[in-house]
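Shown next, in structure tokens, is the structure this report addresses.
The values are calculated or read from the model by the stated rules, or taken from the named source; none is laboratory data. Because the structure is a prediction, the values reported are computed rather than measured. Methodologically, a virtual Cβ is constructed for each residue, glycine included, from the backbone with ideal geometry; neighbour enumeration extends over all protein chains shown. The area values use the complete protein model at the heavy-atom level, side chains included, leaving out ligands, DNA and RNA. Shrake-Rupley method; radii C 1.70, N 1.55, O 1.52, S 1.80 Å.
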Amino acid sequence: MRNTIRLMKIHAALYVMLIPVIIYFLVFVYYPLVRGVQLSFQADKLFGPKPYVGWDNYVTAWHDPEFWQVVRNTLIIGVGSLVAGFLPPIIIAVALNELLQITFKKFVQTVVYLPHLFSWVVIGGIWIYLLTPSGGLVNEIIKRLGGTSVGFLTDPTWARAVMILLPVWKGMGFAAIIYLASITSINPTLYEAARIDGANRFQQIYQITIPLLVPTMKVVLILDVLGLLRTFDQIYVMRNAVIQSKIDVLMVYVFDTGITNFKLGFASAVSVMVLVATLIITAITTVISRYEDQGG
Amino acid sequence: MAHISDTTPVSVGAGSLAHSRGATWRDRIFPFWNLVFLVILAATMIVPFLNVLAVSVSGPLASSRPGIHLWPEAFTFEGFRTVWVNVGLERAFVNSVIVTSIGTTLHVILASLAGYVLIQKDLPGKKLLVAFIIGTMAVPSELIMIPLYVVMKQLNLLNTLAALVISGLVSGFSILLMRNFFAGVPYDLAESARIDGASDFRIFTNIYLPLSKAGVATIALFELVGRWNQFLQVILFINDSSKYTLQVALQTLVTENMSTSGTSMVTPNVRMAGIIIAILPLIAIYPFMQKYFVQGISLGAVKE
Amino acid sequence: MTRNNPSSISDLINDAMRGKISRREVFRRGAALGISAAMLGPLAAMAQTPGASPAAESPESKAFFADQDALIKKIQGEPGKKLKMLSAVVGGKTPDEDKLWADEFKRLTGWELDLVHPTADYDQKLLAAFSSGEKYDLIYTNQDTVIRLQAQGGLNELTDKIKNSKILSNPTVIPPEERTKLIQIDDGKYFSAFQKFEGARMPTVRQDWIEKLGLEEPKTIDDFYNVMVAFRDKDPDGNGKADTYGLSMSGTYDIQPFMSGWGLIPGYKMVDGKRTIPYATEDAIPAYEWFAKLYKEKLLDPNFATNQTADMRNLFLHDRVGMVTYWDTWVGLFNNQRLAADPNTKFQAKGIPGAVGPDGKIVLNRGEPSVWTIPVMSGNVDTAFQFIEWWNTIPGIILGSLGIKDHDYTVSADGTYKLTKIGEEHGMDHGDPTPYNSNWHNPIGELPGIKPAQQISLKYGYLQQISPTWATDVQPILDEFGLKAMLGQMAAKDAITQMQSALKGKKAID
């Protein structure tokens, strides 16, 4: 005990250093967390005190078909992107690794990485423009090839496909570079040995590179899973009246109900449910990856 | 790298030798198709941006016509002038620069201070602190947007640039990243400095920071990009268009019906010029970034 | 109809045309119906009696000018008062111009103005301002929001203030009928005051194309269809390319001029004591089918569903489309923009009435009234109300229309007003392009084509009846299924069925 106090005295300056950080986290993370839970049990009134209404907001959300529609949309778009986006970066990383011309390799690396840097306002703005039926690049190419233009952002099925594929397009360069970094750290003697054993390129990739990328895949997947329920910018920027009901995701729904329509309590109830779901998903992913680490 | 030993079944037996002829043929054809694949891939990235660039420097009339625009038509910078002056993107740009620079600087300072505290071996309460910090990482900011809005309101920070600087002032991710960088600095260095009577703060500024420049650069660049692209917080906290940041001004330009109806025509060249303005600063710092981003991800992903 | 009490603008105009009533009478009655003198210009000229001088001679007008001078003196006598205002339309066109605008306000009144000017998601920002208790003194909004806020006790009542205001109670400033008809709440109470006159949205056609192709002004749905076909096929812009469309819109904004052809009205309609939405009834099926045909045949801009209004305006201004449906004031702004770019342009935009319905009627969407309100959190109710009065004086109107002196316009030594380059771009709109006040005569002159368009607004404009949750609950449903039908993604019949079940789910129809 005395030792602890002595240490604390020695490190007094360190504690002082931490004060702003602690205050920030308390005021802007933990307090809002508690406040959000509190709000979720309160009625929505524009003026004056808000009475407590128990589980009303949760019950309303639970029985709101729109809520379930956005849950469905979130899962379809989120899981869709997750699945569609899993292989491309690995393929790109392997392809880049096989490339011998350094300049071109650097160039491709740079280019595929770029979209990841840009905001969804930029990416959304570009693709809304590229996908318009008249004057948009994609449809102009389709027309030139003899097809008829497609309402990519007005046909709900197409729009969902676009919402699933755009994050893949935006993020695959970034993930590819993470994979590439792991590939370059693979011991070259492994390939040497394989070559001596007569393994061809494909066999080397399949039998050496891919298995060694598994830990990286886990990291990338975990990051993706954790982001699944948080999607906001992309949908908010790209939605329109026709497709809205088929692409609106949970966070957009929270923003619409809570901020646009000012039902703070209702929106908080939805947020709390999503938060609980996030925590469960996080716990599950962590457990699975730990288990695999030990098992593997 | 414990995996290497147990997950390397490089048992290419005699069977594969029989295919060695095919393998050589494949080995020759593979690089060609690989090249083709990468060229196409790069094209899917380049062509959209080329389209944007070409339209941004085309005339308003030319840019409004249907057809493929990969080359400027009626070349002019009018779109840039319109978006900068008439639409008023200039102010939004300045706001973004202010929020990004102040926000990033504070973020880096706070994250490194906290990261430094966390590497102290004998600090009482360290476990609690670590839990406190990691706990924040389980709460994505999107999920507390409603109460955050309420908190900003209570603090009278709504509709101020300060609210934007404050949101994301520091993050558990950056703190852990800095801690991981600092952990790479030999502890003995700090020990001997302490014995020589150096204060914690001096050890931090004179030993740790100079030896962790890469770490500082990593979180600074991460934060810079994140701040520049910040969107939800701006539409949450800002009412007045004079305080919009670039992303929100751009979004109003690209997807909203502007309520300031009398303004000049928002033709495609104007919109695309806005997009170019929004990405230019990122392209400018890009050369520094690639390296640090990978470093950051691999260090940040180290599990607690 | 009785002669002394014209029930509609059309009656008034007819009377004037036939010379039944004197010019002064036209002005008096016109003012009573909300038409400013400037709007009635050509008509008034037709009915002119020799020797009559401008409307300013009426006792009400004289009283207005005297009251205005007194008010301005009073305001300038108390410099340094502060006002905080939230507005989507009032002020400059850019954040920098907002500052200049506030400075100009200070120059004119001696008061400080803190202008908060969101350019997107205005309703959300407005609710946020209320809930946060920010001390706004004046809030610009629409009357439907007023009803919502008043129901929650958020607004100061202005009934007595309006009654006692010499300026606002003057019939030449605000026509009393307009006030009772459009912004009265609960038997004679007022919680808002007009911010400007709101027109209607109407088909705006390329009159020069119509003439060039030898077409008639379309009246029935079939006429409209034929005109669009000609716009598409007969190369009206003469560039030798088939790159023109008949019609462009921004989503379903605004389909009413055509819905009118099937006798449909926007908003709610009570049928046998039940709330119905005509756009979501069987009667609307042929209308959606008609739009689907336009879309399929490329008469309608293929991008219409995702267009922003700016996109549709661009197409119109750039000779890509022959017709759009938009606000009456934009007829003038379109002409103005092309004239500013090329004084010799042949371009001529013209507002025309919508399609004639089976009963011979035409119904256009009139804009929800734009109003000023004073929220309960304002600590300066009297000052804020004085601002509203000032807004209706000539200097107030100049600031709200022409804009900022020596920035948007200049005044020469002999008192001639001239717009600057910037002022021309801004189209004389700084929040109040169309004031009610009939004592106001725009020294620059009206924008070309705007007057006849405004007469169409008054003649056919109809204010839709909507509920407080219309924007959040009803409009998205009408848009989603309406657009799907128009895009040919589903049969119009199915779209209506789905609309109805969705609306019932929201308890929006009975």
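Odds and ends about this structure:
- Globularity index of the range A:170-212, i.e. its alpha-carbon radius of gyration over 2.2 N^0.38 Å: 1.30
- Dipole orientation for the protein assembly as shown: of the candidates C:Ala200, A:Thr4, A:Ile177, A:Thr4 has the Cα lying most toward the positive pole (charges on Cβ; Lys, Arg +1; Asp, Glu -1).
- Note on chain C: Cα-Cα pairs beyond 34 Å make up 39% of the total pair count.
- Rg/Rh for the range C:125-204 stands at 1.00; both radii use Cα atoms, and Rh follows the Kirkwood definition.
- For the range A:57-295, the relative contact order is 30 percent, taking Cα pairs closer than 8 Å that sit 6 or more residues apart in sequence and dividing their mean separation by the residue count.
- Using a probe of 1.4 angstrom and keeping all protein chains present, the accessible surface of chain C works out to 38 square angstrom per residue.
- Kirkwood-type radius of the range C:376-438, with distances r between different C-alpha atoms, in Å: 12.8 Å
- Area buried, chain C against chain A - accessible surface, total, 1.4 angstrom probe, square angstrom: 1900 Å²
- Overall, the ratio between the Cα radius of gyration of the range C:466-510 and 2.2 N^0.38 Å, rounded to two decimals, is 1.12.
- Rolling a 1.4 Å probe over the heavy atoms of the protein chains gives the range A:207-287 an accessible area of 31 Å² per residue.
- Length-normalised contact order of chain C in % [C-alpha pairs under 8 Å, at least 6 apart]: 22 percent
- Anisotropy class of the range B:56-158 from Cα gyration tensor, a/c 1.5 cut: prolate
- Residue with peak Gaussian network fluctuation, chain A [Cα springs, cutoff 10 Å], from A:Tyr253, A:Tyr129, A:Tyr113: A:Tyr129
- With contributions of -39500 (n - 2.57) from each DSSP H run of at least four residues, the per-residue ellipticity at 222 nm computed over chain A stands at -22500 deg cm²/dmol.
- Computed from phi, the 3J(HN,Hα) profile of the range C:221-226 under the Karplus parametrisation 6.51, -1.76, 1.60 (θ = phi - 60°) reads 4, 5, 4, 4, 4, 5 Hz, with x in place of Gly and Pro.
- Measuring between their Cα centroids, the range A:20-81 and the range A:131-209 lie 36 Å from each other.
- DSSP beta bridge pairing in the protein assembly as shown, given as percent antiparallel to the nearest 5: 65 percent
- Put simply, the amide H of C:Ser370, placed in the peptide plane, has neighbours under 5 Å in C:Gln195, C:Lys196, C:Glu198, leaving out anything fewer than 5 places away on its chain.
- Accessible area per residue, Å², the range A:1-76 with all protein chains present, probe 1.4 Å: 59 Å²
- Area hidden from solvent between A and B (accessible, protein heavy atoms only, 1.4 Å, total, Å²): 9400 Å²
- Residues of the range B:30-53 that bury at least 30 Å² of accessible area when the other protein chains are present, relative to the chain alone (probe 1.4 Å, heavy atoms, ligands and nucleic acids excluded): B:Phe30, B:Asn34, B:Leu35, B:Phe37, B:Leu38, B:Leu41, B:Ala42, B:Met45, B:Ile46, B:Pro48, B:Phe49, B:Asn51.
- With contributions of -39500 (n - 2.57) from each DSSP H run of at least four residues, the per-residue ellipticity at 222 nm computed over chain C stands at -12000 deg cm²/dmol.
- Taking A:Leu96, A:Leu145, A:Leu75 in turn, the Gaussian network model of chain A (Cα-Cα springs below 10 Å) assigns the largest fluctuation to A:Leu145.
- Amide H contacts for B:Leu157 (H built 1.01 Å from N in the peptide plane; partners 5 or more residues away or on another chain; cut-off under 5 Å): none found.
- Cα-based equivalent ellipsoid of the range A:57-295: semi-axis lengths in Å, sorted from largest, via gyration tensor: 37, 26, 13
- Net charge over other residues, Cβ less than 13 angstrom from the Cβ of C:Lys166 (K, R count +1; D, E count -1): 0
- Tail weight of P(r) past 43 Å, computed on alpha-carbon pairs of the protein assembly as shown, percent: 45 percent
- Derived scalar couplings ³J(HN,Hα) [the range B:114-129; Karplus, 6.51 cos²θ - 1.76 cosθ + 1.60; whole Hz; x for Gly, Pro]: 5, x, 5, 4, 6, 8, 5, 6, 10, 7, x, x, 5, 4, 4, 4
- Rounded accessible area of A:Ile178 (nearest 10 Å², 1.4 Å probe): 20 Å²
- Per atom type, the protein assembly as shown shows carbon and sulfur on 61% of its accessible surface, probed at 1.4 Å.
- Put the Cα centre of the range A:85-122 next to the Cα centre of the range C:375-417 and the gap is 57 Å.
- Chain B and chain C together bury an accessible surface of about 3300 square angstrom, both sides counted, with a 1.4 Å probe and no ligands or nucleic acids included.
- Summing charges over neighbours of B:Gly215, with a neighbour being any other residue whose Cβ is under 14 Å away from its Cβ, gives +2 when K and R count +1 and D and E count -1.
- Alpha-carbon centroids, the range C:484-510 and the range C:418-459: separation in whole Å: 40 Å
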